[in-house]
Amino acid sequence: PVITGDEVHIWRIDLSDLANVTTELLDLLSTDERQRADKFHFEKDRSRFIIRRSMLRIILGEYLNVPSAELSFKYTNFDKPALTSDTQICFNASSSNRVGIVAVTLNARIGIDIELVDAQFPKLEIAERYFSRDEVRAIHDLQPELQTAAFFDCWTKKEAFVKAVGDGMSHPLPNLVISSEKPDSFSINATSRETNGWCITSFIPEQDFIASIAYEGGQRSYSYFCWPAL
């Protein structure tokens, strides 16, 4: 793939389709990644970690024309990976259930989050803890059948942003207010960081899932890819 400075590439990965090649994919991982894989208690979780990291390596290796196993990563204090090589490539990855997703762009911090839209998830309880009062009120005011989608739309946008800036869950999520009037933008109150120049939006990668992406700079065009190809 070839990417320009005004593009964001989004890759969807079906983790279940690759479960039978986990042993081969393990050879692509570094020593520390293999050690992380071995810490998973359940084989299913270990397998999905191996698939996610190897697919990330394969995708980034294609952009850089570098063998996947030769890529090297560094990490922020909150475990956000970045390439150690001097490159314009910026990326972020997420997964939920059987679907993985990778976002790639140039010269801009970027974050992505995907969630399975689960109607049984305790959305109102979690919203009370991590959302602003206005956001909680807006969800409460919706019809019950609309509350789940609204919650996950808001949640993934918050997650995408904090992953982009590298703060993880240390960021004060109740202060990060997603604008209901402008669904593709957000604001933060005066007690938090300045966010001018950021773009954030959500999309449906496939049925029963929702994802959001956040990145610095003006609006960029999006291209979508699947692995394995459908």
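The values are calculated or read from the model by the stated rules, or taken from the named source; none is laboratory data. Computed from a predicted structure; not experimentally measured. When we count neighbours, we look across all protein chains shown, and the Cβ atoms used for this are built from the backbone with ideal geometry, even at glycine. Only protein heavy atoms, including side chains, enter the accessible area calculation; ligands, DNA and RNA are left aside. Shrake-Rupley method; radii C 1.70, N 1.55, O 1.52, S 1.80 Å.
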Quick one: in the stretch 209-222, of everything that is surrounded by 13 or more Cβ atoms within 10 Å (Cβ to Cβ) and over 16 Å from the mean Cα position of the chain (by Cα), which residue is modelled with the lowest pLDDT? Gly217
Among the numbered criteria (1) open to solvent by less than 50 Å² (accessible area, probe 1.4 Å); (2) in a loop (DSSP other than H, G, I, E, B); (3) modelled with pLDDT under 90, which one does Glu206 miss? (3)
Scan the stretch 89-101 for residues that are open to solvent by less than 10 Å² (accessible area, probe 1.4 Å) and farther than 16 Å from Tyr222 by Cα and report the count. 2
Within the stretch 78-101, the residues that are over 13 Å from the mean Cα position of the chain (by Cα) and aromatic (Phe, Trp, Tyr) are Phe78
Restricting to the stretch 147-167, give me the number of residues that are modelled with pLDDT under 90 and over 30 Å from Val104 (Cβ atoms). 0
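For Val104, state whether it is modelled with pLDDT of 90 or more and crowded, with 20+ Cβ neighbours inside 10 Å.
Answer is yes for this residue.
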All-but-one check, Ser192 against (1) part of a loop (DSSP other than H, G, I, E, B); (2) out of contact with any Leu (no Cβ under 8 Å at 6 or more places or on another chain); (3) at pLDDT below 90, failing number (2)
For the stretch 117-139, which residues satisfy the criterion of being closer than 20 Å to Asp208 by Cβ and modelled with pLDDT under 90? Ile139
Give the number of residues within the stretch 113-148 that are over 23 Å from the mean Cα position of the chain (by Cα) and outside any helix (DSSP H, G or I). 3
Reported set for the stretch 71-93 where residues are under 13 Å from Ser30 (Cα atoms) and small (Gly, Ala, Ser) is Ser72
